[in-house]
Every structure is written in C-alpha cells, then in structure tokens.
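Here's the structure we're looking at; comments come further down.
No lab work stands behind these numbers, since they all come straight from the coordinates. Being a predicted model, the structure only gives us computed values, none of them experimental. As a convention, Cβ positions derive from the backbone with ideal geometry for all residues, glycine included, and neighbour counts pool all protein chains shown.
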There are 2 protein chains.
Amino acid sequence: MAPKVRSVPALMDVARRAGVGAATVSRVINGGQNVSSKTMAAVQKAIEELGYHPNQAARSLKGARTKTIGLIVPSVADHFFSTAAAAIQEVARAHGSLVLLAATDNLPAREREQVLTLIQRRIDGLILAPSDGADIGMFKHAGFPVVCLDRPFPHHPMPTALGDNYGGAKAATEHLVRNGCRRILCMGGDRKLFTSQARVRGHHDTVQAAGLPVLAELHVQDYFSAEAALRRYLHGKDRIDAIFSIKNAITVNAYRILRQSNISIPQSIALVGYDDFELADALEPPICVVRQPVADIARRAAEMLFQALETGKVKNRTVTLDVELVHRGSCGEGSGPRKARPR
Amino acid sequence: MAPKVRSVPALMDVARRAGVGAATVSRVINGGQNVSSKTMAAVQKAIEELGYHPNQAARSLKGARTKTIGLIVPSVADHFFSTAAAAIQEVARAHGSLVLLAATDNLPAREREQVLTLIQRRIDGLILAPSDGADIGMFKHAGFPVVCLDRPFPHHPMPTALGDNYGGAKAATEHLVRNGCRRILCMGGDRKLFTSQARVRGHHDTVQAAGLPVLAELHVQDYFSAEAALRRYLHGKDRIDAIFSIKNAITVNAYRILRQSNISIPQSIALVGYDDFELADALEPPICVVRQPVADIARRAAEMLFQALETGKVKNRTVTLDVELVHRGSCGEGSGPRKARPR
DNA sequence: TTGTAGGATGGAATTGATTCCATCTGCCTG
DNA sequence: CAGGCAGATGGAATCAATTCCATCCTACAA
C-alpha cells in the first residue's frame with residue numbers, strides 16, 4: 001500500500017520526528033516554558049523540516065479564543081467603510097487577530113444571514129454597522145460582544161462609536177446662516193438611515209433657531225432624480241440660496257447639477273456637504289464639507305471591542321467623535337456677511 | 001456545586017435534549033438524508049430551543065474545508081482594492097465562503113507574516129496582490145491554491161487576473177499623440193511596482209514607435225515633490241505638452257499643480273491618467289483616464305480560485321482584462337490634430 | 001410465512017491541539 | 001547521604017463536529 005499522503009503535517013508528526021511527546025511540542029509552540037533547550041532545538045528542527053504550522057481550527061476548539069473578529073458593513077467598496085475596515089484590520093492585527101469581512105447592502109435579511117454565519121465561526125467579537133432594520137434577536141445565542149460602528153443599534157443600548165452627526169449638520173448649517181443664506185435646502189438620501197436622520201435634525205433645529213424658513217428636505221437617489229427634483233429650486237419663487245447635502249454622492253451630484261445649470265457657487269447658491277472627499281478642494285470652487293474622522297471612529301470601535309474582550313465586561317458606552325467643518329469657499333466665506341441677492 | 005454555565009450549546013446537547021444520537025443530529029444539520037420526519041422535527045425543535053449553531057472550528061477540523069478564503073492586499077482603504085474586496089467578498093458569499101482580510105502596506109515582511117497566519121487558519125485558498133518582494137518560499141507548505149490579483153507573482157507562474165497595463169498605457173499615449181502632443185511626460189510613483197513598470201513600458205514603446213522624444217519618466221510621491229519636480233517642465237526649453245500619469249493620486253496632483261500654475265488643460269498641456277476616479281468628469285476640464293474594470297478583475301480572480309477549489313486543479317493562467325480609455329476632453333479631443341503651439 | 005432490502009439510528013473512532021496530572025531526573029540543602 | 005523541590009516530560013482526556021460501521025426494524029416480495 002502506498003504511504004498515505006499527509007497533505008499538512010500535524011503536531012503529532014512533529015512529536016514523532018523529534019522523538020518527544022505531543023505535550024512537549026505544544027509547549028515549544030507556545031513560548032517554550034519548562035522545556036530544555038536541547039529538546040526545544042530538536043522540536044524546532046522538526047517543525048522546520050516538516051513545514052509545520054499549528055492548525056488554528058484545532059486550537060480554537062480547545063482554547064476559548066478564535067483570534068478572529070467579524071466586521072459587517074453595508075458596503076465594502078464605500079469609501080467610509082473601506083477606510084474604517086483598514087483601521088479596524090490594523091487594530092486587530094496589533095491584537096493578533098484577523099478580520100472576517102461581510103457585507104449586507106443594508107438588507108436586514110442579509111445582515112442576519114451574515115451574523116449567523118459569523119456565530120458559527122465562533123468569532124471573538126463583532127463590529128457592525130447595523131442596518132435600520134437590525135434585529136437584536138439574531139444575537140440571542142451569539143456569545144460574543146458586539147460594537148456598533150457609525151450607527152447605534154436600533155432600540156437597544158450597545159457600545160457604539162460614531163461621528164457627531166447632529167453637531168456636524170449644525171455646524172454646517174450655522175456656517176451657511178453666518179454667510180447670509182436664508183433659504184437652505186437639505187438634500188438627503190435614504191431617510192431611514194440613522195445618520196441621515198441625525199443630520200437632518202441638526203440642520204432643522206439650526207434653521208429654526210435662526211428663525212429661517214424650514215424647507216422640506218429633498219430626498220433623491222441618483223443624478224437624474226436629483227436633477228429633476230432640484231430644478232424647481234433653482235429659479236423662481238422657490239429659489240434657494242444654499243444646499244446642505246448630507247451625503248457624499250449627493251454633494252457631488254449637486255455640484256454637477258449647479259455647474260451644468262450655470263449657477264455659480266457660492267454667489268448664487270452656496271454648497272456644503274457631509275463627508276470629505278478626495279477632490280473636494282480641487283473643484284471650482286473648492287467645496288466646504290463636514291469631515292468625519294473616519295479612521296478614528298473605526299479605531300475607537302475596534303478598541304472598545306478588544307477592551308471588552310480583555311476585561312470581559314461590555315460597557316454600553318456611545319463614543320461620539322467630533323467632526324470638523326472644512327472651509328473651502330463654497331459657502332461664500334470671506335466675503336463678509338451675505339446680503340440678500342437680487343433674484 | 002453550581003451547574004456549569006454552558007456558554008454555547010454543542011451538538012451533543014442537542015442530541016440529549018432531542019433524545020437521539022449525535023450522528024442523527026449531524027445528519028439533520030447537513031440536509032437530513034435518511035432521517036425520519038419525526039426525528040427531524042424533534043431535533044430541529046431542540047436546536048431552536050437551545051439556540052444551537054454548529055461550531056465551524058470543529059467542522060473544519062474533521063472535514064477538509066474551512067469555507068474561508070484569504071485576501072491579502074497592500075491597502076484596504078485604497079479604492080482599487082476596496083472595490084476588489086467587495087467583488088471578491090460577493091463571489092465568496094455565493095460559494096458559501098467567508099473572506100479573511102489582511103493588509104501588507106507593500107511590505108514583504110508583513111506579507112509573509114500575513115500568509116503564515118492564514119496558513120494556520122487553513123484557509124481553502126488565497127487571493128493575493130503580491131508585493132514586488134514576494135517570496136514563493138512562504139507557500140512551501142501552504143496546501144491551498146493561490147491566485148494573484150492586479151499583479152503577477154514575481155518570478156513564478158501563478159494564476160493571475162489583472163488589467164492590461166501595457167495596452168492601457170499604449171492607448172493613452174496614442175491618444176495623446178493623435179491629438180498632436182509631442183513632448184509627453186510620464187509621471188509615475190513607485191518604480192518597483194509591476195503595474196507601474198508595465199504602464200511605463202507601454203508608454204515608452206508607443207512614444208518611440210511614434211518617433212517622438214522619449215523623456216525620462218518622473219517619479220514622485222506627494223503633491224509637494226511633484227510640484228517641485230514638475231516645475232521645470234512647465235516653461236522654457238524643457239517644456240512638455242502632455243502628461244501621462246500612471247496612477248490616480250498623481251493624476252489628481254498633476255491636475256492641481258497645472259491649475260495652480262494657471263496652465264490650461266488641454267491647450268497648454270494635455271493630461272491623461274490611469275485609473276478612473278469619482279470626480280474625473282466634474283473637474284475643469286473633465287480628465288481623460290484609462291479605466292480598469294476593477295470589479296471584473298477581482299471577480300475573475302475569485303472565480304479562478306473557486307474553480308481551482310472545485311476541480312482540484314490549478315491552471316497557471318493569466319487573465320488580462322481589457323481596459324478602456326475614457327475620452328473627456330483633457331487631451332484636446334475634438335479640436336482636430338494638434339498643431340505645434342507657440343511657446 | 002419468511003428472507004431481505006433498505007431506511008433509520010446510535011456507537012465509537014477520528015481530527016489536531018491544549019492541558020491536567022503523574023512521573024522522572026537531577027541537584028541543592030540539612 | 002537522604003529528603004525534596006523544581007524543572008522536564010509524556011499519557012490521556014478534552015473540545016465539537018463528521019463519518020464509518022453495525023444494528024435494528026419494517027415493509028415488500030417470494
């Protein structure tokens with residue numbers, strides 16, 4: 001009979017080759033306490049020769065930890081979440097852990113499916129950007145801590161790290177008001193999203209506090225729907241003098257539409273967006289935005305998770321990080337208080 | 001003695017509660033062949049009541065598959081790789097697998113470290129964007145197939161999916177030449193990167209074939225070094241009439257510098273970049289770029305991997321996907337063949 | 001009525017590492 | 001020189017699943 005092809009060597013193979021017991025090999029792998037230097041060398045030689053790598057599956061079967069955390073986000077390609085993923089991956093690496101990546105497309109069903117898959121993987125912990133329909137029930141037998149990223153978990157306290165959406169929207173709106181804008185249109189995307197809601201609230205409250213008219217926010221998805229919807233605000237009696245866009249893709253589209261319609265920024269309409277983007281400062285004019293410390297937010301989330309893992313205690317703390325209003329000129333800065341412009 | 005707190009129920013717990021053997025529970029979990037519907041129902045009830053989820057670690061200890069693939073990229077936050085990661089994650093999900101994410105920052109040492117970690121995880125396969133110093137030795141006892149993404153593995157045949165870098169650079173340069181450019185500066189980043197080299201070659205060959213002077217390519221890292229280095233090419237006897245930027249970040253910086261120096265695009269200097277970016281069409285003027293089908297490239301890589309997993313055969317095939325030159329006007333299109341401009 | 005095919009089921013080995021516990025060997029101390 | 005102590009080591013149980021194999025039972029055909 002042909003000798004069995006052992007594709008991957010196991011600990012026992014190392015033990016036999018080195019002429020020692022399994023326990024000794026295990027000791028060598030794990031730092032080598034109470035192992036003579038001679039044995040140590042022999043075992044390491046055998047490990048080298050066989051090309052042995054301990055099987056993590058077997059390890060985590062016995063030990064408690066899998067050294068793996070999960071990361072569930074709506075979209076991996078999204079700039080916010082890929083930046084966050086990079087930061088989280090880095091923190092995980094520093095803690096000797098790996099990251100299992102999963103995407104939901106904001107679908108609660110997909111989210112649930114991914115959570116259940118990760119439960120089977122016995123991950124040590126999870127970082128989750130919950131969908132608005134997230135259901136606490138899926139964690140009933142999870143057995144690991146969860147930290148929320150960018151959004152709180154709906155209807156349930158949970159450790160969370162996010163940016164100050166309300167404050168950011170407030171700052172952006174105040175900036176517009178300070179520069180003389182009186183009729184500000186808030187353009188949003190999905191109104192079910194927590195971040196959208198918080199930003200809209202911050203905007204509304206500020207407009208109201210300034211005694212300005214509160215315009216219903218405009219919800220659009222793509223360029224074309226935005227263009228169609230925005231048209232009536234560009235001229236005539238409904239004409240606005242500023243746009244506060246609560247989301248990146250919309251800011252960019254608003255900019256395109258204004259340019260296309262030959263409406264000058266900020267002279268005719270001021271524009272401020274939420275979330276910074278690569279070329280915001282290279283546009284004509286450069287666009288003011290609320291910048292979120294994305295990597296910091298993600299790092300905080302990851303640190304909260306690993307802290308929970310190390311202490312065994314979960315603190316339902318919400319860490320809200322300050323955002324920064326970046327002045328670039330698209331709101332009429334530097335030209336003194338804005339005067340009412342002729343229509 | 002207090003009853004032991006069983007944090008997570010195991011298969012045996014389900015078996016006991018349902019009053020059946022372990023093997024039966026296993027059968028139920030795995031599709032339920034040869035299980036009476038009565039037993040089936042009882043087991044499922046027990047599973048439900050206990051909130052049981054099979055332990056993937058134990059599963060993959062016995063079975064061959066971990067249902068996990070690795071993805072190692074230089075940077076997770078990078079637009080190219082996060083888009084690729086999203087596509088790969090999606091293909092993996094369709095195959096019932098999860099993705100373990102790791103980053104190298106283009107450091108061979110880090111790359112090696114991540115590979116070894118993934119070997120311990122007994123991943124089924126790996127998708128890797130190898131660093132230029134990648135060492136085939138680290139896979140000696142890996143025991144899983146590897147597919148390269150975006151770059152071939154240095155000095156070793158390996159299944160690979162990437163864009164046609166040479167062809168893309170050729171198309172971009174030909175476009176410039178067609179539009180009358182005669183002195184084209186190629187701006188690059190890291191000259192060790194395979195993609196950079198291929199693009200530079202494509203550019204050089206095309207310039208030479210057109211009988212134009214071959215300018216030494218300019219290697220820069222950030223905005224300031226680019227500005228300093230570029231200055232001498234903007235005026236005087238070294239003056240160029242076109243820039244071919246082989247990398248996104250550099251394209252953007254070149255655009256900024258030209259604008260800042262009041263050099264009109266494309267009248268004074270034409271500009272074409274490699275890799276499309278979100279606002280390329282919103283700049284003044286919109287910028288021509290070579291667009292890579294990023295998601296397709298990644299999908300192909302993932303599909304090659306899963307095919308290897310299913311058939312057990314690894315084909316060392318290199319899949320080169322066509323890239324697309326996007327005309328936007330930054331190269332003087334539509335104004336007919338370019339004439340020599342007065343200096 | 002009986003033989004048997006085949007579905008249903010459980011027992012027990014297996015997988016790879018960890019870890020408790022027992023044993024053994026030197027060497028130091030009284 | 002004896003008692004011990006500490007370090008070194010191996011045996012075997014354990015973790016949670018899968019799976020081979022044996023057994024049992026029932027229904028159907030001869």
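DSSP beta bridges in chain B, what fraction antiparallel, as a percent rounded to 5? The answer is about 10 percent antiparallel. Straight-line reach from B:Lys140: which aspartates and glutamates have Cα under 16 Å away, leaving out those fewer than 8 places along the same chain? Output for B:Lys140: A:Glu48, A:Glu49, B:Glu111, B:Glu113, B:Asp124.
The C-alpha atoms of chain B define a longest principal axis, and helix B:248-260 lies at about 40 degrees to it.
Taking the C-alpha atoms only, the angle from helix A:79-94 to the longest principal axis of chain A is near 30 degrees.
For a footprinting-style exposure proxy, rank B:Phe153, B:Phe244 by other Cβ within 10 Å, fewest first.
Working: B:Phe153 20, B:Phe244 31.
Exposure proxy ranking, most exposed first: B:Phe153, B:Phe244.
Pairs of C-alpha atoms in segment B:11-53 farther apart than 15 Å represent 24 percent of all such pairs. Only Cα sites of segment B:1-141 enter the Debye sum here, all with the same form factor; the resulting log10 I(q)/I(0) across q = 0.09, 0.13, 0.17, 0.22 1/Å is -0.44, -0.73, -0.92, -1.25, listed in q order.
Where does helix B:194-209 land angle-wise versus the long Cα axis of chain B, in degrees 0 to 90, nearest 10? So the helix axis and the longest Cα principal axis differ by about 30 degrees. With the gyration tensor restricted to C-alpha atoms of the protein assembly as shown, the semi-axes of the equivalent ellipsoid amount to 50, 36, 21 Å, longest first. Residue by residue along A:251-257, Cβ atoms of other protein chains within 10 Å of the local Cβ number 1 on average. Each of A:Lys315, A:Lys247, B:Lys67 has some number of other Cβ atoms within 10 Å of its Cβ, and from fewest to most they run A:Lys315, B:Lys67, A:Lys247.
Expressed in units of 2.2 N^0.38 Å, where N is the residue count, the Cα radius of gyration of chain A is 1.34.
Given N residues in segment A:165-278, what is Rg(Cα) / (2.2 N^0.38 Å)?
Normalised Rg, Cα atoms only: 0.95.
As a proxy for reagent exposure, B:Arg199, B:Arg328 were ordered by neighbouring Cβ count within 10 angstrom, fewest first; the result is B:Arg328, B:Arg199. With label points defined 7 Å past Cα in the direction of Cβ, position B:Lys315 shows copy-to-copy spacings of 5.6 nm, given to one decimal and shortest first. Taking the DSSP bridge list for the protein assembly as shown and keeping only pairs wholly inside it, about 10 percent are antiparallel.
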